[in-house]
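Please read the structure below before turning to the comments.
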Amino acid sequence: MPNLSIKIGNTTFKNPVTVASGTFGHAEKYFNLEEVKKLGAIVPKTVTLLPQVGNPPVRIWETPSGMINAIGIENPGIDVFIEKKLPSFKKIGVPLIVSVLGHNPEQFVSIIEKLNSQDGIAAIELNLSCPNLGHKTLMAQDAKATEALLKKVTSISKFPVIAKLSPNVTDISEIAQGAEAGGADAVSLINTLTAMAIDIRTRKSRIGNFTGGLSGPAIRPVAVAMVHKVYQAVKIPIIGMGGIAKAEDALEFIIAGATMVATGTINFVNPRASLEVLEGITAYMKEQKISDIKDLIGCLQK
Amino acid sequence: MDQIQNTYKVISNEKLCQQFWCLSFDAPDLLKEVKPGQFVHIRSNEGLEPFFRRPFSVYRAQRYVEIFYEAKGPGTRLLAAKTKGDPLDVLGPLGTPFVLPSLDIKQVVMIAGGIGVAPMLILSDILKKRKLDLVLLYGGRTRAHVYPMKEFKDNGVKVHIATDDGSVGVKGRVSDLFEKVKFNSHDTFIYTCGPNPMMKAVQDFALKNNIKGQAACEEIMACGLGACLGCSILTKHGYKTVCHDGPAFDLDDVILH
Ligand SMILES: Cc1cc2nc3c(=O)[nH]c(=O)nc-3n(C[C@H](O)[C@H](O)[C@H](O)COP(=O)(O)OP(=O)(O)OC[C@H]3O[C@@H](n4cnc5c(N)ncnc54)[C@H](O)[C@@H]3O)c2cc1C
Ligand SMILES: Cc1cc2nc3c(=O)[nH]c(=O)nc-3n(C[C@H](O)[C@H](O)[C@H](O)COP(=O)(O)O)c2cc1C
Ligand code: FES
């Protein structure tokens, strides 16, 4: 059996396969929990300080090999999350990466303080990159702001901190460097690409929130290129995502430099996708006689 | 059931009238679980085009699970091309079923527009076991949207039909059929499914006359499992997912447009 274990900060994960925030809901809906336990980690939907009701319908639209979404981080808020959801996620017995979003640095700090009083969390992912909240710029569009926020958060968080980056930037590696300078234990990328679809009969946007974020296999080549670019710019591990549908896709990300990989939108079409990715990576390593996944990470040939 | 996703075999796939098809597949495990108002989420092909699964109400669950559908776009056209023995990738049964009427209800009126008739047959299969007056008011656009509805009649359902062009039944909309029924606020229960403007007319009528009932709603879906929060619609209690909190919503709760 090849060694699939990887590390983020001081935390070891038994394998590199996880799920993208907002695409997995409550794991128990997907398949039996014995199966979920096989994953390296799970990531629930982003939680904010206060409850959010989300955007008006229509919230999703099907596109070629993908979708546009503008959910608007509908969530019950951190207090309800800790009280009601965290216990059931912990019970699954698979490492938990909690995704959080503050509308300003102070809110991020308040959320981290609340999570610090909990245990059973493997890492915290800062969603710096949701495009659906009507902010003019995202945290992850400003390297200095990203660095300053990461400094604040890493100085108080008792858990490893991951910065989730947006592809809607001129140079994503600058933002990744900002996160690294601020003390991030890892970066994850990519979040969705700003996108739109128009109903030509009504001449209105298909999406209630006007614009949304594109995800799914359609964005995969963009995501692979960004992982490749960031891998050359930072030393911290990368969690790669964006259109992964099968093991071969995930392996592209790993070869480009991702330490961990996540299935996202494909979970909606094939609920077993993450498990199939895990099985496929293992099979590939056996076939290629690679005994340790670390030998694959960033092994792209020139 | 451990796993909600399975691959089943298509048993038959027939055109019932110009617009509508009925597909049955062999799914003994689903058969035991499915309740009226629930749906199945079907992957129309193995590739990524079209990308999403397609949701369909369960039309009947007797020997096989049946869906009743309109071939209108890429996904449903791929479905119409399936033949006996083909594999079918299905997630289900999904969603919150219809609530069944309380014991003081004597008359059930099902009000359906077009393909919205789909969840009503399995409902009448269950309700026929109780001593109830069952009525179906059906609105189709043209003759191409009307099929014999023998299964409803076999269940003892009184069927009234309206078409926009008057080619079958009454000329007009489904609301023009309301006068065919004696609605009583204390012992009539309404189920409705169809285009939103039609369900809105039913809702307005029901609320005005103080009649209880439920609507089976539709919204574009990705996961079908309550995970993505993509299919939310507005109710008096805030946003609710059609796939998990619905498709069945109380007429005095859901906000229709
Ligand atoms: C809970 C539920 C139950 C349904 N039951 C039935 C049924 O029993 N029989 C039937 O014929 N149809 C039913 N529908 C509608 C059916 O899902 C659509 O007709 C079908 O998805 C169209 O796919 P397409 O590729 O042929 O069309 P397209 O219009 O090209 O589809 C494009 C996208 O829009 C979505 N979409 C299109 N129409 C609808 C719609 N009315 N509601 C929701 N999403 C839609 C598709 O799923 C797809 O994502 C139901 C929908 C829901 C939500
Ligand atoms: C419906 C939906 C909801 C999402 N919600 C979140 C979220 O709450 N937080 C977040 O960080 N990313 C969210 N994302 C982005 C994904 O986590 C992921 O970064 C992106 O979709 C790219 O991966 P994919 O193509 O594999 O889906 C969401 C994506 C989708 C499709
Ligand atoms: S379709 Fe994903 S929540 Fe309903």
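At-a-glance table
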quantity	calculated
Value of relative contact order over region B:28-97, rounded to a whole percent, pairs C-alpha under 8 Å and six or more apart	43
In region A:149-233, trypsin sites (Lys or Arg not before Pro) in a DSSP loop with at most 14 other beta-carbon atoms within 10 Å	A:Lys158, A:Arg201, A:Arg203
Label point distance in nm, A:Ser155-A:Asp171, each placed 7 Å from Cα along Cα→Cβ	2.8
Of B:Phe178, B:Pro119, B:Asn45, farthest towards positive along the dipole that unit charges on Lys, Arg, Asp, Glu beta carbons give chain B	B:Phe178
Value of relative contact order over chain B, rounded to a whole percent, pairs C-alpha under 8 Å and six or more apart	18
MRE, 222 nm, helices only [DSSP H, n ≥ 4, -39500 (n - 2.57), over chain B, to nearest 500]	-4500 deg cm²/dmol
Probe 1.4 Å, accessible area per residue of the protein assembly as shown, Å²	41
Stretchable slack from B:Lys208 to B:Glu179, in nm (0.36 nm times residue separation minus alpha-carbon distance)	9.0 nm
Estimated inter-spin distance, A:Glu83 and B:Gln5, nm [label 7 Å along Cα→Cβ]	3.5
Members of A:Lys91/A:Lys286; B:Lys82/B:Lys236; B:Lys32/B:Lys131; A:Lys38/A:Lys286 lying beyond 29 Å, as alpha-carbon distances in this model show	A:Lys91/A:Lys286; B:Lys82/B:Lys236
Solvent-accessible area lost in complex, 40 Å² minimum, residues of region B:52-77 relative to chain alone, 1.4 Å	B:Phe52
Binned Cα-Cα distances of the protein assembly as shown, short to long, each 10 Å bin given as a whole percent	4, 17, 26, 23, 15, 10, 4, 0
Expected-Rg normalisation [2.2 N^0.38 Å, Cα atoms] applied to region B:107-250	1.06
For the protein assembly as shown, with +1 on Lys and Arg beta carbons and -1 on Asp and Glu, the positive-most of B:Val108, A:Asn10, A:Leu296 along the dipole	B:Val108
Peptide B:36-43 - average C-beta neighbours from other chains (10 Å radius)	1
Residue among A:Leu126, A:Leu189, A:Leu115 with the largest mean-square fluctuation in a Gaussian network model of chain A, springs linking Cα atoms under 10 Å	A:Leu115
Dipole magnitude (debye, nearest 20) for chain B, charges at Cβ of Lys, Arg, Asp, Glu	640
Coil-residue trypsin sites (Lys or Arg not before Pro) of region B:144-191, DSSP, other Cβ within 10 Å capped at 14	B:Lys182
Positive-pole candidate from A:Ser157, B:Val65, A:Ser215, dipole of the protein assembly as shown, charges at beta carbon	B:Val65
For chain A, size of Cβ-based charge dipole, Lys and Arg +1, Asp and Glu -1, in debye	280
Region B:38-167: relative contact order in percent, alpha carbon pairs under 8 Å with at least 6 residues between	22
Estimated dipole of region B:132-212 in Debye, rounded to 20 [Cβ of Lys and Arg +1, of Asp and Glu -1, Cα centre]	80
Rounded FRET efficiency, nearest 0.05, which uses the C-beta distance separating A:Asp295 from A:Arg203 and R0 of 56 Å	0.55
Protein accessible surface hidden between A and B, which excludes ligands and nucleic acids, total in Å², probe 1.4 Å	2600
Surface share of carbon and sulfur [accessible, 1.4 angstrom probe, percent] for the protein assembly as shown	52
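The values are calculated or read from the model by the stated rules, or taken from the named source; none is laboratory data. This is a predicted model, so every value here is computed, not measured. Cβ atoms come from the backbone with ideal geometry, glycine included; neighbour counts cover every protein chain shown. These accessible areas exclude ligands, DNA and RNA; they are computed on the full protein's heavy atoms, side chains included. Shrake-Rupley method; radii C 1.70, N 1.55, O 1.52, S 1.80 Å.
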